[in-house]
Amino acid sequence: MKDERSERWSDPAIAEQILRSFRVWAVIGCSSRPWRASHGVSRYLLSQGYDVIPINPKEEAVHGRVAYPDLRSVPPDREAPIEVVDVFRRSDLVMPHVEEAIAIGAKAVWMQLEVWNEEAAQLAADAGLLVVMDRCPAIDHPAMVGSGSP
């Protein structure tokens, strides 16, 4: 899936910077189904003190939080703007979410394990966003930041 360029987009230092610097995460594909990875990862982020905004047009709420159909539907008057867009979608479906992340002024795009789209990553990086692909914050956080301290 990945080639020699993969280290650029899967840099642990960038992952740690995102985890330490940003508190508001929009989770694309966030599911209310407990067996889905997006459910477990979003629950973990919440347990570590991050603000999680579920994004999924098929959900009304996840973890007791209002779910929005897309990033642009999140009210702009929120107390804290979206900083990280965490993508749980197939690699070939990532680009529109990255374009939306850029449009709303997000600071970073995090593509989950097995999600790899270099064109979308380059677009985000060119727009000034931090980017990681094929990583999981629920795996990286305990090792990089430690439990209970985002």
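Descriptive notes on the structure:
- Contact order relative to length of the chain, as percent, for alpha carbon pairs under 8 angstrom and 6 or more apart: 27 percent
- For the chain, share of DSSP beta bridges that run antiparallel, in % to the nearest 5: 10 percent
- Selection from Val66, Phe22, Gly128, by position along the positive dipole direction of the chain (Cβ): Val66
- Subtracting the Cα-Cα distance of Val145 and Leu113 from their residue separation scaled by 0.36 nm leaves 9.6 nm.
- Heavy atoms of the protein chains alone define the surface here; on that basis segment 1-147 has 50 Å² accessible area per residue at 1.4 Å probe size.
- Here the chain is treated as a Stokes sphere of Kirkwood radius computed over C-alpha pairs; at 10 °C and 1.306 mPa s its diffusion coefficient rounds to 105 µm²/s.
- Histogrammed with a bin width of 10 Å, the alpha carbon distances of segment 94-150 distribute as 24, 46, 27, 3 percent, first bin at zero.
- On the chain, 49 percent of the accessible area sits on carbon and sulfur atoms, based on a 1.4 Å probe.
- The chain - mean residue ellipticity at 222 nm from DSSP helices (-39,500 (n - 2.57) per run, n ≥ 4, rounded to 500): -9500 deg cm²/dmol
The values are calculated or read from the model by the stated rules, or taken from the named source; none is laboratory data. Worth saying up front: this structure is predicted, and the values here are computed from it rather than measured. When we count neighbours, we look across all protein chains shown, and the Cβ atoms used for this are built from the backbone with ideal geometry, even at glycine. Side chains are part of the model used for accessible areas, which takes the heavy atoms of the whole protein and leaves out ligands, DNA and RNA. Shrake-Rupley method; radii C 1.70, N 1.55, O 1.52, S 1.80 Å.
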